[in-house]
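Notes to accompany the following structure.
The values are calculated or read from the model by the stated rules, or taken from the named source; none is laboratory data. This is a predicted model, so every value here is computed, not measured. So basically every Cβ, Gly included, is an ideal-geometry build from the backbone, and we count neighbours across all protein chains shown. Calculation scope for accessible area: heavy atoms of the full protein, side chains included, ligands and nucleic acids excluded. Shrake-Rupley method; radii C 1.70, N 1.55, O 1.52, S 1.80 Å.
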Amino acid sequence: MSATTRSTRSKPKNPGSQSALRQLNQQRIIETLMGGPSTQAELARQTGLSTATVSNIVKIMLDSGLASTEPITSSGRRALNVRLNSNGAVAVGIDFGRRHLRVVLASLSYHVIAEESIMLPLGHQADDGIQAAVALLEKLLRESGVERSSVVGAGVGIPGPIDRRTGTVAQGAILPEWVGINILQHLEETLRIPVFVDNDANLGAWSEVTWGQHSGVSNLMFMKIGSGIGAGLILNGAPYYGNVGITGEIGHATIHEQGLVCRCGNRGCLETIASTTTMIELLSRGEDPPMTPADIVRKALNRDSATLRVVDDAGLAVGRALGNVANLINPEVIVVGGPLAGLGDILLDPIRRGLIRHAVPVIGETTTLTMSSLGDRAEALGAAALVFQHAGIRKA
């Protein structure tokens with residue numbers, strides 16, 4: 001999987017200090033080791049650091065449990081091969097939503113060390129969201145006793161298309177205040193660690209084949225139903241990004257040509273029928289405060305008739321859109337995720353009816369439709385898996 005290329009390097013707060021220089025040099029060595037084990041001589045050549053500097057930093061990494069060594073023979077000489085220690089190195093997963101922020105700390109052995117989510121104000125600015133992520137990350141590091149030097153990178157999910165040519169958030173994002181911002185550069189300058197950015201639905205798909213139950217699946221589609229609707233694709237075992245990285249915009253598939261005007265400018269898009277925003281608008285009439293996605297799940301599980309009807313209508317529309325996509329790519333598994341995952345079969349049943357009705361019979365019959373077992377953690381876990389992938393570490 002190829003994540004968006006980082007355009008900047010981490011910048012310490014006090015670039016002239018000895019500790020900042022040591023941190024920067026250690027980060028350079030870590031970035032090199034994420035490509036695989038290397039001898040100290042190779043590390044010196046690849047980073048441009050002196051052999052003495054490399055030796056001192058490797059010793060610090062060994063003492064902190066961040067790396068380990070093993071003796072090898074290189075060019076006929078004895079040498080020590082240095083590798084990242086999967087139990088000592090930590091990856092960060094960050095999931096930005098329209099109203100939420102989730103941060104996960106995970107070891108490279110795919111163990112969640114700590115996680116927390118908070119609410120963000122609707123319409124928040126990018127800088128506000130990023131500062132909230134920094135504060136939450138520092139809190140988790142402090143409470144879990146993880147040294148910042150152990151963090152090898154952060155994966156970040158954004159609810160909208162990312163132009164992979166520039167690293168900017170493209171038009172059509174659920175966070176319009178973030179459009180046009182070079183999110184990659186902003187995040188790396190603020191977090192001061194290597195950053196890898198992707199669309200949240202793509203990360204949901206990646207989480208299903210890494211953290212989830214579908215590691216053996218080569219053709220999978222992850223569909224996130226939330227404030228917006230998007231899809232991530234795993235095709236022939238690899239994420240699919242298309243030409244400039246903007247794929248899976250199934251929320252803007254036309255369902256009713258004379259329907260409501262969508263935020264994208266078209267009419268009758270799937271999002272105007274099946275997003276949680278639309279459901280909340282339909283079900284919150286006369287209610288103060290308005291309902292939340294959690295309220296939709298609760299009321300549907302309690303068999304509220306109006307909620308069940310809205311969910312059923314949404315599910316049928318989603319199934320129709322999925323049928324068209326399934327006819328095109330013939331996925332083995334379609335996973336539905338997002339804040340409505342707790343609905344289970346209440347949502348899956350109408351989606352399945354719509355899928356079978358609009359897909360070619362053999363495709364409808366052989367495509368597995370399931371709800372994500374990762375719940376609202378999928379995108380953050382997928383973000384952490386971006387870092388794992390760049391370290392060349394797969395789940396055992």
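Figures for the structure shown
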| item | result |
| --- | --- |
| Criterion violated by PRO37 - all others in (1) closer than 26 Å to VAL197 by Cβ; (2) under 28 Å from the mean Cα position of the chain (by Cα); (3) open to solvent by less than 70 Å² (accessible area, probe 1.4 Å) satisfied | (1) |
| Meets criteria (under 29 Å from the mean Cα position of the chain (by Cα), over 26 Å from PRO121 (Cα atoms) and at pLDDT 95 or above) for ASP304 | no |
| Among the residues listed as ARG352, ARG303, ARG320, the single one being surrounded by fewer than 18 Cβ atoms within 10 Å (Cβ to Cβ), basic (Lys, Arg) and farther than 27 Å from VAL197 by Cα | ARG303 |
| Per-region count, the stretch 204-254, residues touching a Cys at 6+ places or on another chain (Cβ under 8 Å), within 17 Å of ASN327 (Cβ to Cβ) and open to solvent by less than 40 Å² (accessible area, probe 1.4 Å) | 1 |
| Matching residues, the stretch 255-292, being over 21 Å from GLY354 (Cβ atoms), surrounded by 12 or more Cβ atoms within 10 Å (Cβ to Cβ) and either out of contact with any helix residue (DSSP H, G or I) (no Cβ under 6 Å at 6 or more places or on another chain) or free of Cβ contacts under 8 Å to residues at least 40 places away in the same chain (or both) | ARG263, ILE280, GLU281, SER284, MET291, THR292 |
| Residue that is modelled with the lowest pLDDT [pool: residues in the stretch 372-396 that are part of a helix (DSSP H, G or I) and of a type in the set (D, E, K, R)] | ASP376 |
| Test: residue in the stretch 331-344 that is closer than 25 Å to ASP200 by Cα and over 27 Å from the mean Cα position of the chain (by Cα) | no |
| Unique match (being closer than 30 Å to GLY337 by Cα and at pLDDT below 80) among SER75, SER19, SER7, SER2 | SER2 |
| Failed item in (1) touching a strand residue (DSSP E or B) at 6+ places or on another chain (Cβ under 7 Å); (2) part of a helix (DSSP H, G or I), with LEU369 passing the rest | (2) |
| Test result for ARG357, over 15 Å from ASN324 (Cβ atoms) and assigned to a helix (DSSP H, G or I) | no |
| In the stretch 84-98, the residues that are over 16 Å from the mean Cα position of the chain (by Cα), of a type outside the set (A, V, I, L, M) and crowded, with 16+ Cβ neighbours inside 10 Å | ASN85, SER86, GLY88 |
| Residue within the stretch 120-139 that is under 22 Å from SER373 (Cα atoms) and buried (at least 22 other Cβ atoms within 10 Å of the Cβ) present | no |
| Elements of type strands (runs of 3 or more DSSP E) in the stretch 96-171, at least 1 residues being in contact with a strand residue (DSSP E or B) (Cβ under 8 Å, 6 or more places away or on another chain) and among the acidic types (Asp, Glu) | 111-119 |
| Filter result (touching a Cys at 6+ places or on another chain (Cβ under 9 Å) and assigned to a helix (DSSP H, G or I)) within the stretch 255-291 | GLU271, THR272 |
